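As structure tokens, the structure follows; a few thoughts come after it.
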Amino acid sequence: MSRIQIATRREFLSHGLGLVGIGAAVPSFLIQTALAGPQAQSGEPILVVLQLSGGHDGLSAVVPYGNDDYARNRKQTRIKADQVLKIDDEIGLHPNLSGWKDLLDAGSFAVVQGVGYPNANRSHFKSMDIWHLADNSERPSARYGWIGRYCDHAFEGDPDPEVVMSVGGGESPRAVQGRKHGGIDFRGAERYRYMVGDQDAQLGSLYRTLNESALKEKPTKKNENLDFIAQATVNANASSDQIRTLVKRTANAGYPPTGLGTSLRTVASLISGGLKTRVYYVFQGGFDTHRDQRARHDQLMADLNGSVTAFQRDLAQQGHAERVVTMAFSEFGRRVQENASQGTDHGKAGPMFLFGPSVKAGVHGQLPSLAANDLDRGDLKHNVDFRSVYATLLEKWMGTESQPILGEKFPLVDCIG
């Protein structure tokens, strides 16, 4: 082995060991966790971000069943008073959100009403960019996502911090992309594999040599760098196998066989394995309900209910529930008045949802007025800037300053215990 020439650990790691997941090279993530030995439970708080893509109709999830303007504007799509899961005399949850109602009663679910931003945009792409960047200016000064900026700020000077991982949604969302630290795209454990031999013949030969002989030789002072490389190679290979094993863990939490259910089960499995990931990002699509909204939205609510409730149950069974807060958002709400196709069109303000024993359960903020004279060209006006929720999560949950990340100081929402 002494004939193999490698100058330093840094040079070797810069080659990446060739361990990749589809969409992103991830050697430092696996090497870091593997070299630490058995993966320890870090105890650090974890944030799970659930993106509801398409523009969610919050009025059909947190239903103002006692509001006459709601009944007047939603003759075909409304949910009637005898169907809702009542929270109080004015609002209740969609009938398919029974698990969420149980979480609310148990102190593990919070709603933040009337969330949006000034001069709201009804374009899916523009508005999602605004939420990802946390910047609603005409020419955003932010180049990187708010979670990516969190990583850059919280782990400044650390070349290999705890990672952010997006699960099940394809390419990493802009929200997690930072100047120094970006997200890992996790599209399935079986897609993690060594590709050194395919990428670089010399590194492939090195990998095979190390893999065959590293376990036979004892560390030596003479070949300290080589010993490090050998151990990294073997451990990273084991870590890749360990991730596949973790994701195949049998969960007895009752996840639905859906994309979201699978993604959240994966997240719970990775948390159970002691990974140091601080932010997970998952997706549910289908909320652009311009036509036949009631049937489609009912299905979405059933999936959301089953997936999130199973996730919370799974975390509790593992003993990790206190460490995890899940935040759900959509790029905008829907218009108050339904359209002629028994659907609703792009609107503005809507609710955000928070889950976990560490949230302050209940309804925070006020439902914006549905009266015609109080609407913004037919849309709900926001009462809470979404960046106030971000700031609250950054400061009260993740334990970092929000102003350097969000660019200004936003008032906090009293939704984290």
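The figures follow:
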| read-out | value |
| --- | --- |
| Trypsin sites (Lys or Arg not before Pro) restricted to the range 326-377 and DSSP loop, no more than 12 other C-beta within 10 Å | Arg377 |
| Sites matching trypsin sites (Lys or Arg not before Pro) across the range 64-158 that sit in DSSP coil, with at most 13 neighbouring C-beta atoms within 10 Å | Lys75, Lys80, Arg143 |
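Throughout, read-outs are computed from the coordinates displayed, never taken from laboratory work. Note that the structure is predicted; figures quoted are calculated from it, not measured. Heads up, the Cβs are rebuilt from the backbone with ideal geometry, glycines too, and the neighbour counts pull from every protein chain shown.
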